[in-house]
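The values are calculated or read from the model by the stated rules, or taken from the named source; none is laboratory data. Bear in mind that the values here come from a model prediction, so they are computed numbers and not experimental data. Cβ placement follows ideal geometry from the backbone for every residue including glycine, while neighbour counts extend to all protein chains displayed.
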Amino acid sequence: MKDRFDELLPFYVNDTLDETDRAWVDAYLREHPKSAAELQWYRTLQETMQRDAPAVSAEVGLDKVMARIRAESKPSRAPVRATPGIGERLREFFASITPQPLLKPALAGALAVVVVQGIVIANLATKPDDSSEIRAHRPTVVDPGPFLKVNFKADAREADIRMLLVEIEGTLAGGPGQLGDWYVRIPESRITAAADKVKASAIVDGVARVDALPARP
Amino acid sequence: MDNSQVLRLLGRIEQADQGAFRELYCAFSRKLYAYVLRQLSDPAQAEEIVADTLYEVWKAPARFRGESQFSTWLIGIARNKVLMHWRGRKPDADHDDVADFADQLASDAPGAFEQMAQSQRSDGVRTCVDKLKADFRECIHLVFYEGMALADVARVQQIPEGTVKTRLFHARQKLKQCLQRMLAREGEAPLGEPT
């Protein structure tokens, strides 16, 4: 009985016990008047902690947050403008994490690769090549499955999608397709738990397991 | 502020209503600050974490779905940030100190509660609460400052309800021993004897 009293007493003091437990503690206190000291001790503790609350303005830290809010641009939160699609928002996100100074050298590098490849292809086309048929049938690299095919709700926000991917430790393997299908790669051992978590998410319309990505046109 | 009011404000925040965000911020910032400060004892860092926590609400107001009290949910976010902060810090030597002298004292000396209740030493209570191990201190704060029910404390601390009860029991023992020690040092009452 004493053990139960000890367990219930803190919640008796902070008034969160249900009626039954509260009545039980009341009865115990009547039967054990010495326990009133324990009750008083907890009440003193509670009063002290309430009284010792730090004297701080309700606006503590607010200026910092408002400065961050003003500094950020939130096109997807603008009430009037039509919100961009998920694909556009993800493209914007990936563009935003690309270091801008690298863009020009990267573009130059990409152009150089295209030029070199063009020369090689032209060279090959002018020569008979017995192995070309074999090369044409070389198996393509296939992403190892399984995958979750996920359809997000129209109002799903990019930040929430990213958060969900992090939670399930999934990696984006493809999408969105014409029907808004996204493909998320998950290790076999975790796919059931991940599917359950995705299904329970408020930003998801549907989820299904698939073992391969759809064929590319 | 109850959950229905909170959800209304969150709906406006979703529409980028800064006034609604200010209102929500001011309604919860003090309690959040008290929680973080109790954990970190660093006012500047506490302010930073309060701001970060409520900024998350601005960024993703729809994450709160009303399944718990908003303050409980908010403390859960702040708690993660406190834990992140701790990962870069060494354990506080004060906590070991409490454990040390707790062992030197009788665990349940007669008359202890009477002494504590009658002495009304709020400064002593504050000092001893601050010296508790972080998990115990958090538990005491959630119960006696936030006024949370057992299930909510368990949810915030991510532990079974039985563990909450155990933490409260041990926290009480440590507090009692710490206060006894303080009284004995100051000669206000002999240890273990009812006043």
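Summary of values
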{"item": "Residue under evaluation B:Glu146, criteria (1) facing chain A (nearest Cβ under 9 Å); (2) at pLDDT 80 or above; (3) outside any loop (DSSP other than H, G, I, E, B), criterion not met", "result": "(3)"}
{"item": "All strands (runs of 3 or more DSSP E) inside the range A:147-207 with 1 or more residues being among the aliphatic types (A, V, I, L, M) and touching a residue at least 60 places away in the same chain (Cβ under 8 Å)", "result": "A:147-152"}
{"item": "Filter result (more than 7 Å from chain B (Cβ to nearest Cβ) and either in a helix (DSSP H, G or I) or closer than 25 Å to B:Arg137 by Cα (or both)) within the range A:1-14", "result": "A:Lys2, A:Asp3, A:Arg4, A:Phe5, A:Leu8, A:Leu9, A:Tyr12, A:Val13"}
{"item": "Number of the exception - B:Ala102 against (1) assigned to a helix (DSSP H, G or I); (2) modelled with pLDDT of 90 or more", "result": "(2)"}
{"item": "Residue satisfying all of: in the range A:30-46; under 24 Å from B:Ala151 (Cβ atoms) and more than 7 Å from chain B (Cβ to nearest Cβ); surrounded by the fewest Cβ atoms within 10 Å (Cβ to Cβ) among these", "result": "A:Arg43"}
{"item": "Filtered residues of the range B:56-79 (kept if free of Cβ contacts under 8 Å to residues at least 60 places away in the same chain, assigned to a helix (DSSP H, G or I) and under 20 Å from B:Leu150 (Cα atoms))", "result": "B:Trp73, B:Leu74, B:Ile77, B:Ala78"}
